[in-house]
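This report refers to the structure that appears directly beneath it.
The values are calculated or read from the model by the stated rules, or taken from the named source; none is laboratory data. Keep in mind the model is a prediction, meaning the values are calculated, not measured. All Cβ positions, even for glycine, are placed from backbone atoms using ideal geometry, and neighbour counts span all protein chains on display. Please note that ligands, DNA and RNA were not included when accessible areas were found on the heavy atoms of the full protein model with its side chains. Shrake-Rupley method; radii C 1.70, N 1.55, O 1.52, S 1.80 Å.
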Amino acid sequence: MKKIKPFIPRENIEKKVSEIASKINKDYKNKKLFIVSILTGSVIFCSDIIRKLKVDFELDFIRVSSYNGKKSSGQIKFIADTAIDMKGKDVLIIEDICDTGRTLSYIKDLFIKRKANSVKICVLINRNSEKVKTVDIDYTGFCIEKEFIVGYGLDYDGKYRGLPYIGKLED
């Protein structure tokens, strides 16, 4: 196992999740929300968000992959699609991290082509790296530099997802 240096404490994450959920509740008041969580990394973040929602919502999942270890492959591999038709729905994509923007841009464009009424994006982490694709993020937890982080759903080769905080992976 690699050494993990604590980076974002659990308490800070909990506070940020509450702030984001409050904004979503305000923005989707009197609307029905269709949430799409991107597997696998966003599951913990999404679970914490939806437990704080007071608005009516449906939940589904999509699974894509673009990473090998610490590096983006540059290719988006589509593994599993949503089961519900999103035509005419207000969609909120929940993702753990936005790095290059490639995956979120691809998924947002796909949902727009499927005639969603609106498509917004919520990410726990927005990495301030060079974006390959520009994507508007409507709800952001934390902005960070080019650190490689793990925990709270984020992994390195499938490990460290269960940490209750976010840590930096050290070599």
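Points to keep in mind about this one:
- Within segment 139-162, considering residues that are small (Gly, Ala, Ser) and assigned to a loop (DSSP other than H, G, I, E, B), the one nearest to VAL91 (Cα to Cα): GLY153
- Hits in segment 102-136 - residues which are open to solvent by less than 80 Å² (accessible area, probe 1.4 Å), among the β-branched types (Val, Ile, Thr) and touching a Lys or Arg at 6+ places or on another chain (Cβ under 9 Å): THR103, VAL119, ILE121, VAL135
- Cβ pairs under 6 Å, 6+ apart, first in segment 133-151 and among the acidic types (Asp, Glu), second part of a loop (DSSP other than H, G, I, E, B) and open to solvent by 70 Å² or more (accessible area, probe 1.4 Å): GLU145/ASN128
- Segment 1-37: number of residues that are open to solvent by less than 30 Å² (accessible area, probe 1.4 Å), under 18 Å from ARG51 (Cβ atoms) and under 17 Å from the mean Cα position of the chain (by Cα): 10
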